[in-house]
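See structure below.
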Amino acid sequence: MNAVLVAVIVMLVLALLRVHVVVALFLGAIVGGLLSGMGLDATMVAFQDGLGGGAKIALSYALLGAFAMGVASAGLPQVLANFLIRRLGGSGEADPKTALATKWMLILGLIAMSVMSQNLIPVHIAFIPLIIPPLLTVMNKLRLDRRLITTCLTFGLITTYMFIPVGFGSIYLNDILLFNIQQAGLDTSDINIMQVMGVPALGMLAGLLIAIFFSYRKPRDYENLPITAEEHQEAPSAYKVWVSIVAIIATFAVQIVMQALDFESDGLMVGALTGLGILLLTGAVDWKHADDVFTNGMKMMALIGFIMITAQGFASVMTATNEVGPLVDATANLFGTNKVLSAGAMLVVGLVVTMGIGSSFSTLPIISVIYVPLCMSLGFSPAATVALIGTAGALGDAGSPASDSTLGPTAGLGADGQHDHIRDSVIPTFIHFNIPLLIAGWAGALLL
């Protein structure tokens, strides 16, 4: 059996059995390496070589976590939470109309934030642990199912970069997808990327609507438990709130400017350091508590960083096995010249690879070099090829235990220990996004 397929299955089964994701990735990589004949030493070397690829991301997320906790300690998220609580009538029973309006305000607001985090204000998942924990009390009062919030956040995080070519979307669509397809020998100069990826994006939208209006429409009760690392909280002061707003704007501005000027250094890191400096120098974060605040924030996001580092090691081993290509070839040989079945098979392979790696951005370079000649030999148009490969890369980002699109929502919604990563983030997003995305990508590959 193919080593890559077995490795991903082992990783997913272990994660579902509540083995920690880092351990599951590590054991899955070892199984895949040994099964491919690499041997233990070569497998470990490949795994270690891959770890460095996630180090920069991990440090960026840790700094953003520290900044997020600093802003939270200054009281800005608490101001938002207090506003929503007042709308709900304080501690008493909320008026049904007000509760309904607040529910939709919260849902639409979080979708908008997750969309903007990919392009307008490119901070990715860093806004989640900043905004979500103070709102958990509001969600509890509204009896909102947190699995619904997970799907809303994941929808914005993934659909935006796979459809809108701005910010992270520009990296995914232009710098990785179209670039790698061109490198593989297919001319994409006449491709309207938004039109092509619009069909798969409709699949994501369908999954979101199913989650909102069907799967998680019923109330779900949670206890009002203390928030992890919720210490040294004071009544929000207007001065600190305004300083934190300035710090957020400065952090975003630094990232946007560095991206516009094509700086090679990481804008996330520099932006986070800028925001931290503003909070400290202005006294918005008390020097006496600064170490505790920033340490707690780094802990909150550093776990995600460690998982992503391990996922890079897993991806390195999967590449070193040289069995991704045979996996694709086997599916192609299985279905011959049947475009319908071949397209479905290629999408499923993309799903399997991305589920294991945890990153669409890392999957595309691996599959593009194999899929482009395969699509050309099967007679797919350039637009259909782009849609198929773009969808195959995005498939599995939702629903992967190692994806930041599921880790981010868990970091915020699990702040009080009542949101399980696998059962409340991974499984709901897999069901609601991978299935309709596969169907929509399949349709796009056949119709374009």
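The values are calculated or read from the model by the stated rules, or taken from the named source; none is laboratory data. For clarity, every value in this text was computed on a predicted model and none was experimentally measured. Using ideal geometry, Cβ is built from the backbone for each residue, glycine included, and neighbour counts are taken over all protein chains shown. When the accessible area is computed, the model is the full protein with side chains, heavy atoms only, and any ligands, DNA or RNA have been set aside. Shrake-Rupley method; radii C 1.70, N 1.55, O 1.52, S 1.80 Å.
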Members of the range 133-178 found to be hydrophobic (A, V, I, L, M, F, W, C), within 10 Å of Q118 (Cα to Cα) and either open to solvent by 10 Å² or more (accessible area, probe 1.4 Å) or more than 19 Å from the chain's Cα centre (by Cα) (or both), listed by number: I164, V166, F168
Considering residues of the range 412-448 that are open to solvent by less than 20 Å² (accessible area, probe 1.4 Å) and among the hydrophobic types (A, V, I, L, M, F, W, C) only, the residue farthest from F361 (Cα to Cα): A415
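Would a scan of the range 310-325 turn up a residue that is open to solvent by 50 Å² or more (accessible area, probe 1.4 Å), at pLDDT below 70 and not basic (K, R)?
Scanning the range 310-325, I find no residue that is open to solvent by 50 Å² or more (accessible area, probe 1.4 Å), at pLDDT below 70 and not basic (K, R), so the answer is no.
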Number of the condition not met by A206 [criteria: (1) out of contact with any Pro (no Cβ under 6 Å at 6 or more places or on another chain); (2) of a type in the set (A, V, I, L, M); (3) not in a loop (DSSP other than H, G, I, E, B)]: (1)
Residue within the range 102-111 that is closer than 29 Å to T274 by Cβ, open to solvent by 10 Å² or more (accessible area, probe 1.4 Å) and small (G, A, S) present: yes
Neighbours by Cβ (under 8 Å, 6+ apart or cross-chain): first from the range 187-203, under 21 Å from I439 (Cβ atoms); second outside any helix (DSSP H, G or I) and aliphatic (A, V, I, L, M): M194/I164; V196/L448; V199/L448
Test result for F361, under 13 Å from the mean Cα position of the chain (by Cα) and open to solvent by 10 Å² or more (accessible area, probe 1.4 Å): yes
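Out of the residues in the range 160-186 meeting the condition of being of a type in the set (V, I, T) and not in a helix (DSSP H, G or I), tell me which one is farthest from S377 (Cα to Cα). Spell out how you get there, then give the answer.
The first filter runs over the range 160-186 and keeps only residues of a type in the set (V, I, T), leaving 160, 164, 166, 171, 176, 181.
Keeping just the survivors that are not in a helix (DSSP H, G or I) gives 164, 166.
Details: I164: 29, V166: 32 Å.
Only one residue fits best here, namely V166.
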Helices (runs of 4 or more DSSP H) completely within the range 377-447 that count 2 or more residues being under 18 Å from G350 (Cβ atoms) and touching a Cys at 6+ places or on another chain (Cβ under 9 Å): 382-394
